[in-house]
Amino acid sequence: MNLAKMLSLKGKVFSGTGEGAKFTEFPWAKQQIAKKIGFIPYPGTLNIKLSKNSLVAKNSLKKANGIGISPEEGFCRGKCFYAYIDNLKCAIVIPELEHYPEDVIEVIAPVNLREKFKLNDDDAVEVKVIIE
């Protein structure tokens, strides 16, 4: 029997570069997210800069089995984990890029998270990540 554990990651919302929106619009990414995670992603991600305590917790995800997203040629691989913000099912995406910031997570969901939770830059947010 596989027991999952919950990891709490806390940080502050910030505006990204728009790369997350491009990623979630690629047909190959959208199809894999729908099939593997269970929802069609809203075009965009919620960017969260993690607190120091959460950064330590996030490092445990490196060894954990995530849900792999296999890219088309020319794009990087990524790993996803089921997650929740309040009671809304979502997922975090960790791009496998050499220079990707360690203290950042990107959250995908079937809805616009900023609108749903009325979030602005610098607002505190908690994401509960499921590790299996």
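The values are calculated or read from the model by the stated rules, or taken from the named source; none is laboratory data. Because the structure is a prediction, the values reported are computed rather than measured. Because the Cβ atoms are built from the backbone with ideal geometry, glycine has one as well, and the counts that use them run over all protein chains shown.
Considering only the range 1-39, state which residues are hydroxyl-bearing (S, T, Y) and farther than 15 Å from I108 by Cβ.
The answer is S8, S15, T17.
Which residues, counting only those in the range 1-35, are loosely packed, with under 14 Cβ neighbours inside 10 Å, assigned to a helix (DSSP H, G or I) and at pLDDT 80 or above?
E25, P27, W28, Q31, A34, K35
Looking only at the range 40-70, which residues are without any contact (Cβ under 8 Å) to a residue 40 or more places away in the chain, aliphatic (A, V, I, L, M) and either assigned to a loop (DSSP other than H, G, I, E, B) or over 15 Å from E106 (Cα atoms) (or both)?
Across the range 40-70, the qualifying residue is only V56.
Out of I67, I85, which single residue is touching a helix residue (DSSP H, G or I) at 6+ places or on another chain (Cβ under 7 Å), of a type in the set (A, V, I, L, M) and modelled with pLDDT under 95?
I67
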